[in-house]
Every structure is written in structure tokens, then in C-alpha cells.
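These notes concern the structure reproduced below.
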Amino acid sequence: MVATGGVSKLLTAAEVVGGLRDGMTVGIGGWATRRKPMALVRAIVRSGVKDLTIVSYGGPDVGMLAAAGRIRKLVFGFVSLDVLPLDMHYRNARQAGAFELMEIDEGMLQLGLRAAAWRVPFLPTRVGLGTDILNHNPEIKTVRSPYPDGAVLVAMPALKLDVALLHVTESDERGNSVILGPDPYFDDLMARAATEVFVSCDRLAPTARIFSHERARHQAFERSLVTGVVELPFGAHPTSSVPGYGIDEAHLADYNAAATTDGWASFRAQYIDLVTHDEYLDAVGGRGRISCIAPPVY
Amino acid sequence: MYRAAGLLSVAVTTGPSYTLAELVAVQCAEVWRGQGEVLATSFGIPPRIGAGLARLTFNPDLLMTDGEAYLLAEPVPLGPRAASDARVEGWVPFSRIFDLLWHGRRHALLGPVQVDRYAQMNISVIGDYARPKAAILGARGLPGNSISHINSMYVPNHSTRVFVAGEVDMVCSAGFNPDRWPEGRVPDSLRIGKVVTDLAVLDFGGLNHAPRLLSVHPGVNAEQVQAATGFKLERGADVPVTRAPTQVELSIIRERLDPHDLRATVFKGNPPGDRR
């Protein structure tokens, strides 16, 4: 008998989050306000999981988890909402000393993920030398080049993830996916640095509908890395998933304005503590409204 | 002693009138004079105008991105426009941006929140690291930028709060403090271009990379600049006056690069460039 179909990896957001355990290290894909798996992040806020180490090119994913008190440690280079430069939820938590920090250069973050992906303990770099990055992160060591140059370099340690949460444009049931936006960011490295990878997608489609030879170049990582697939249309909202929808700046402004105890409670009630994803899409103005949000123009 | 390109010490005021934002944008452009075929990275309105102006006038070789993932074949105007208006000449996703910048062929014009006499910059937190008074962005790419390629600075609010006495609260970008380097040896590769502010143009080209005053904007005097700076600036007996924008530069800024006059929002009251 010839096997063709393979095993479906389809899950729900609740099933993905139900598999998370307190204290896990979770990498969140995307970049600031772009292609963040926000529906999965909201599912974490709804769940009881806590004491997470979050690794992220941070945007509202970090702010929401900080507001909900789920972060034990943050591994990051920045947290930004781009057009609104500061995420007020992150800001409040950071100023209160709410979590441990590994604050590193955003390129060091890439190297840490790459080291984990390549299964080496560290990668050498000049980045970080001469700065407070090394003073605030005593666990990051330097090494001396074994070659005649004798250069002192930073040994960026591998950043192993228990779980990576990523959002893609299209996927089939087995995790063959494409990212049609202009930048895959470092989702490929997060996928390879993680023990388990969960992918949310704007559209679930049959393999043949997703891929042509040309389109295959938009695949960032192969299905053998993918543990589970969740169909969540507009699942990156309020961040963008180009070409489908842009950054919802109005919603992000509301989110930022909710960075008070009362504000957060009502924001949660209005946008997070909802039973279905469709209810969320209705709460933020419906699918029609989100699809009309233009991609950002800088 | 030193004469930086693009500065004129002649205090003539017969040219076209211009705003402070326009003068500052032109000095931002000057950052890339003679820099060759490098990626110009800029944040904020005058730096973005400046990069476009440099590209359209004295440095046509500059590379520029759209802030997203593409290299632009020509500068795009600030403000509302159709995304499809931008002609592209390449693709630079973030992974390639890191490859490019660590390779060194880039000159960024950065907007630090604090700067010290060692040219160290901070954009992470103000105050105590564990319980900061103000959390800002995080170190971002400053550690990598500072050790990989030349950087300049744009400071729209020249004051002792930005140009601090002592060291910045968190050293995000590497600088010229020997105590922070193995065996006290600052790498030769560490380079700072210019510092463009609302009062003056500085650099770190003095003795042992000491900060120095290159020019004061029209109507500002050297004592004012020194008083607004938390560390000593080297300066000659006669500090040149920052040159006025040319008519050609003003036309390019007003008609091509910033047609919606976003630059009018940069400085309170949109003051004239010549404050004499």
C-alpha cells in the first residue's frame, strides 16, 4: 500500500495552550507589530499557565503576557509597538521589576536561536563587547579565539525553546506552510530551536493549493518541525499579516490606553475572555474591517 | 585645525529663509557626505529627510530601505502615499540586514535617549537597571551597530538630560571608555560620525576621541551649547556657524521629500533656522 496523506496535525488554540506547562520557555515568532501569533497569545492569557520564559522580538505579545502576569523571565532585545513606540504594559511591568531579564542585542537573540538550531552551545560574535549587556547578563561569557588573532569574543549561548508559537499565511494540515509577507523574520530559527512548534495560519488549504514551485520559496521551515497547526483567520490581529491585513493601529492605541489595573480588566473582558475566535473578530470590527487595514507605509 | 566638510563659517544671512527643522535635516544629510556605497539607516523625520537629501544630491550611491524589507531605488516622501509608489532595487529581510550590518557597510543615524562623553548611547532604561524610572525600548541593535559600522546621532533636544555627566544609565552602544575594553584597548574599528542637535553639530574627533563642538546653529553661541551639555566639549577659539540650506536643498525637501510638511512638527513652534 502506498501512503500519501500523512497524519493531520490540526489542533485548536485551546489544545495548543493546554499542552503548555508552568515554567516552560516559549519563543514567539514575528517582529514587534508584525505577524505575531496573537490569537495563541490571547489563549495563553485565558489559560492558567504561568512562570513562562518568553523569547521574542517583542511587541504586544510581550505586553499582554506581562499585563496578565505570566512572565517569569523575558529574553529580548526590545519591546515596541512601532508607530506607538512604547508598549505601556511592558513599560509598567519592566519599571516594577516584574520579571527577570536577559536583555541582549536583537542580533544576539538571532545567534542564540541559531546556536540552538545548530545544536552548538554558543556562537561567537563581537556584538555585546564594550557594553552593559555583559554586565547585566553574567551568564553570558566571552571566549578567546584559538587562532593567532587571539580575539576576545562574546560566546552567545544557545537559546533552546520548549515551544515555538508562529503565525503563517497558509498551511496544510501537516504543517507545510508559506509566509507570503515580505519578511520571514526569525521564525525559521525559532522553529528549529524548539522542541515543539505550533503554527497558526490565516488560511488552511490543501497542499496543492498552497504550493507552486515559485510559491515554495516562501516556505520558511519544513513540516517535520511542526507539531500542530491551528486555523485562525486574522490570527495575527492586531499585528499585521501582509498581504492579508496591516497593523491595527487604532486597536493598539486602545490596548496601550488600557495599561492600568481597571483598563486591563475591561480590555480582557472585551477582547480576550471570549469563547470563540469568531467572537473576537466581531469584537474588533469584523473580518471585513480587518481586511481593509492597509499594510504599513513608512 | 579641523574643518568638517559642509560647514561654512561665514555669517551671511541673505539667502532664502528656512526653518530649524530644515537646517537640522540638511545637517543630517551631511552625515552621509563622502560615505560611499553604504546603507543609510535613519529614524525620525529630519534623519529620514536627511538620508533622502544626501541620496538625491551629493551621495547618489547610498542604499536605503523602506523600513520594511526592500531596498528603494529612490527615496520615498514622508507621510501618506501609496506603498506601490516605491520603486525597489532589492530585498533585505531582517536576517540579511544583520548580515549586512555586521559586515560593516552601513552608516546609521541613531536617536539616543542618553549620550555620554565616551559616545556611549542608551535607549533601554533611565535610572536603576532593576527598577528603572523609565523603561524605553531595550538595547535593540545598538551593541551590534556600534561595533560593526560607523554611527552618527540625532538629538532634537540638546540638554544635560541627554548629554549626561558621567556615563549613560545603560551602555547600549560601545564607546571610547577604555575601562570597558579588555586590556583597556578600544578597538580601532569603533567609529562615530557626527552628532546633529537642535543647537549644534558635534563629533568625537578630539584628543583621545574627546567630544568637540564643530559648529553652532545660527543664533546659538558656544557657551549655550556647553551649558546644555553634561561634559566638556573641545572647541576652537572661533566656532563656525552651521551653514544654511541651499535653495536647491530646500526645494528638494519641500517639494519632493516632505510634501506634507511633517518637519513642521519636529520642534515646538516650528522656529526659524536662523535664530539671530
Quiz item: At a Förster distance of 51 Å, what's the computed FRET efficiency of residue A:289 paired with residue A:143, Cβ-Cβ distance as r, to 0.05?
Solution: 0.45
Exercise. Could you calculate the contour length gain from residue B:157 to residue B:105, that is, 0.36 nm times the residue separation minus the distance between their Cα atoms, to one decimal place in nm?
Key: 15.8 nm
Quiz item: What's the long-distance tail for the protein assembly as shown, i.e. % of Cα pairs beyond 35 Å?
Solution: 40
Quiz item: Looking only at B:88, B:38, B:241, which one moves most when chain B is put into a Gaussian network model with springs between Cα atoms under 10 Å?
Solution: B:88
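Can you give me the convex hull volume of the Cα atoms of chain A, divided per residue and expressed in Å³?
Enclosed volume per residue, from the Cα hull, is 159 Å³.
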Quiz prompt | 11 Å cut-off, amide nitrogen to a point 7 angstrom out along residue A:203 Cα→Cβ, residues in the stretch A:242-264 | solution = A:243-244
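Return the calculated 222 nm mean residue ellipticity for the protein assembly as shown, to the nearest 500 deg cm²/dmol, obtained by summing -39500 (n - 2.57) across DSSP H runs with n ≥ 4 and dividing by the residue count.
Values: 18 runs with 139 residues, N = 574.
Estimated from H runs of four or more residues: -6500 deg cm²/dmol.
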Quiz item: When a footprinting reagent is the concern and you count Cβ atoms within 10 Å, what order do A:142, A:131 take, fewest first?
Solution: A:142, A:131
Practice problem: Take the alpha-carbon centre of the stretch A:69-133, take the same for the stretch A:267-288, and report the distance between them in whole Å. | Solution: 30
Quiz item: Roughly speaking, what is the centre-to-centre gap between the stretch A:203-219 and the stretch B:69-125 when only Cα atoms are used, to the nearest Å?
Solution: 31
Self-check item: Fully extended contour minus Cα-Cα distance, from residue B:91 to residue B:17, at 0.36 nm per residue
Solution: 22.7 nm
Exercise. With label points built 7 Å along Cα→Cβ from the Cα atoms of residue B:57 and residue A:253, find their separation and express it in nm.
Key: 3.5
Quiz item: Could you give the nm distance between label points at residue B:185 and residue A:217, where each point is 7 Å from its Cα heading toward the beta carbon?
Solution: 4.5
Quiz item: Using only the Cα atoms of the stretch A:46-94, what do you get for the radius of gyration and for Dmax, in Å?
Solution: 10.2, 31
Quiz item: How far, in nm, would the chain grow between residue B:221 and residue B:165 when pulled straight, counting 0.36 nm per residue and subtracting the alpha carbon separation?
Solution: 18.1 nm
Exercise. Please grab the % of Cα pairs in the stretch B:69-190 that end up more than 17 Å from each other.
Key: 65
Quiz item: Points 7 angstrom from Cα along the Cβ direction at residue A:50 and residue A:73: gap in nanometres?
Solution: 1.9
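Is the stretch B:20-261 best put as rounded, prolate or oblate by its Cα gyration tensor, with a ≥ b ≥ c the root eigenvalues, rounded for a/c under 1.5, and otherwise prolate when a/b is larger than b/c, oblate when not?
Numbers: a/c = 1.69, a/b = 1.23, b/c = 1.38.
Since a/c reaches 1.5 but b/c is at least a/b, the shape of the stretch B:20-261 is classed as oblate.
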Self-check item: Efficiency of FRET between residue A:261 and residue B:207 - r from beta-carbon atoms, R0 60 angstrom, step 0.05
Solution: 0.65
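Every read-out reported here was derived from the displayed coordinates using simple, explicitly stated rules and does not represent laboratory data. All values derive from a computational prediction rather than experimental measurement. When we count neighbours, we look across all protein chains shown, and the Cβ atoms used for this are built from the backbone with ideal geometry, even at glycine.
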